[in-house]
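What follows is a set of notes on a single structure, which appears directly below.
The values are calculated or read from the model by the stated rules, or taken from the named source; none is laboratory data. Small disclaimer: the values here were computed from a predicted structure and weren't measured. No Cβ is skipped: glycine too gets one built from the backbone with ideal geometry, and neighbour counts run over all protein chains shown. When the accessible area is computed, the model is the full protein with side chains, heavy atoms only, and any ligands, DNA or RNA have been set aside. Shrake-Rupley method; radii C 1.70, N 1.55, O 1.52, S 1.80 Å.
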Amino acid sequence: AERRDTMSTTTSSSSTVNIVSLLSACIDLAQQAGKLIHDIHASGNLDVQVKGVMTSGYDDVMTQADVQSQQFIIGGLQNVWPDLFIVGEEEVDIPKSSTIPRVDVLDSMADVPPQEMLAVPLGDIVVYIDPLDATREFTLGNVERVLTLIGISVRGVPVAGVMFQPFVGGGKTFWGMVGMGVHGLTVKDHARTTDNFIATTTNKHYDKIEEILTKMKPASIIRVGGAGYKALQVLEGDADVYVFPVDGTKLWDTCAAHAMLLAAGGDLTRPSGHTIDYSRGASVYLKE
């Protein structure tokens, strides 16, 4: 279901937001939400609920970690920007929060942010949150594939994002902004070509995906769960292309990774090659 979690969907055209400050807050909140996720997993009390059935035929599940992570992130953002337009994956109420995220996390960065990102009209911004990407993998114990994803779009275009991996290396943060590059990655050197490339795709079976992979003829295929995790494989050079040309992906799955891919010189498109629209009026369902 589509969820617009804001205190108000009416914004003032005179209000502006510094995207660097907003990204700083998202980084801080993603890291703190990651600790929540880690602690809930350690407790063993996941409280798994079935929301529906995915196109793959598997149950679409939600846990207490998904719920608390989203509530924490949105509550924190709303304390600084009450009218920020936010789209979160889970349909949950957002209780009053005392969390005030840091907006100065990136102040010491040497990179100079694009001038146009320093005062963006509030009404042009949408924040997409996947509080716990790869929930099914989380319930199965494949926790290294779990990421918290927060993406920021401006006028329908992804411009910044953070991906936090709570179960690897004590917690790993990856962030990027168009014009400021991508940070936190461990990029592997490789000499692959268009005739010798690696594809990453879902670990679930789809005839359409198999047909396309057969035509593409990659040198090898990585099959793994988690939309964010597969995008991270491309960003770090473990794979060259992420292939998922079937229904099932939502904008909160892709916005953060899409912004980071753009910042790194890559891209993420619909299977047709058409651009993905992240504006307020866009459907959250990625379909052709």
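How would you classify the stretch 68-184 from its alpha-carbon gyration tensor, with a ≥ b ≥ c the square roots of the eigenvalues: rounded for a/c under 1.5, else prolate if a/b is greater than b/c, otherwise oblate? Oblate is the answer for the stretch 68-184, as a/c is 1.5 or above yet b/c matches or exceeds a/b. For the stretch 173-190, 3J(HN,Hα) computed residue by residue from phi via the Karplus equation (6.51, -1.76, 1.60; θ = phi - 60°) reads 10, 10, 9, x, 9, 4, x, 10, x, 10, 10, x, 7, 10, 7, 8, 7, 8 Hz, glycine and proline entered as x.
In this label model, L140 and R155 are separated by 4.2 nm, measuring between points 7 Å along each Cα→Cβ vector. Under a 5 Å amide H cut-off, with hydrogens placed 1.01 Å from N, L46 pairs with nothing among residues at least 5 apart or on other chains. The phi-based Karplus calculation (6.51 cos²θ - 1.76 cosθ + 1.60; θ = phi - 60°) puts the 3J(HN,Hα) values of the stretch 42-48 at 5, 6, x, 9, 7, 6, 6 Hz, whole numbers, x for Gly and Pro.
Full extension of the chain between M216 and K96 yields a length gain of 38.2 nm, computed as 0.36 nm times the residue separation minus the alpha carbon distance. With the charge dipole of the chain set up from +1 on Lys and Arg Cβ and -1 on Asp and Glu Cβ about the Cα centre, the Cα lying farthest toward the positive end among the listed residues T194, S69, L261 is that of T194. In the full protein context, the stretch 222-288 carries 37 Å² of accessible surface per residue, based on a 1.4 Å probe and ignoring ligands, DNA and RNA. Using the Cβ-Cβ distance between V48 and D247 with R0 set to 30 Å, the FRET efficiency works out to roughly 0.80. Summarising the amide proton neighbourhood of D60: residues at separation of 5 or more, or on other chains, whose placed amide H is nearer than 5 Å comprise K51, G52, V53, M54. Taking square-rooted eigenvalues a ≥ b ≥ c of the alpha carbon gyration tensor, is the stretch 175-288 rounded, prolate or oblate, where a/c under 1.5 means rounded and, failing that, a/b exceeding b/c means prolate? Judged from the Cα gyration tensor, the stretch 175-288 comes out oblate (a/c at least 1.5, b/c at or above a/b).
Modelled label positions at T16 and T55, each set 7 Å beyond Cα in the direction of Cβ, lie 4.0 nm from each other.
Across the chain, Cα pairs under 8 Å and at least six residues apart give a relative contact order of 20 percent. Annotation: amide H of G225 within the under-5 Å range of N203, sequence separation 5 or more or interchain, hydrogens built in the peptide plane. Length gained on full extension, K35 to K287, computed as 0.36 nm times the residue gap minus the Cα-Cα distance: 87.4 nm. Here the accessible area of the chain is 49 percent carbon and sulfur, with a 1.4 angstrom probe and all protein chains present. When the charge dipole of the chain is built from unit charges on Cβ atoms (+1 for Lys and Arg, -1 for Asp and Glu) and taken about the Cα centre, the candidate among V53, T135, H274 whose Cα reaches farthest toward its positive end is H274.
The string of couplings for the stretch 107-112 from the Karplus curve (6.51, -1.76, 1.60, θ = phi - 60°) is 4, 8, 5, 6, 5, 8 Hz, one whole number per residue in order, with x for Gly and Pro.
Could you check which residue among A219, A199, A191 shows the biggest mean-square fluctuation in a GNM of the chain with a 10 Å Cα cutoff? Of A219, A199, A191, the most mobile in the Gaussian network model is A191. Over the chain, dividing the summed -39,500 (n - 2.57) contributions of all DSSP H runs of at least 4 residues by the number of residues returns a 222 nm mean residue ellipticity of -9000 deg cm²/dmol. Here r is the Cβ-Cβ distance between N79 and A119 and R0 is 22 Å; the resulting FRET efficiency, rounded to 0.05, is 0.60. Charge dipole (Cα centre; +1 on Lys/Arg Cβ, -1 on Asp/Glu Cβ; no other charges) of the stretch 52-194 amounts to roughly 380 debye.
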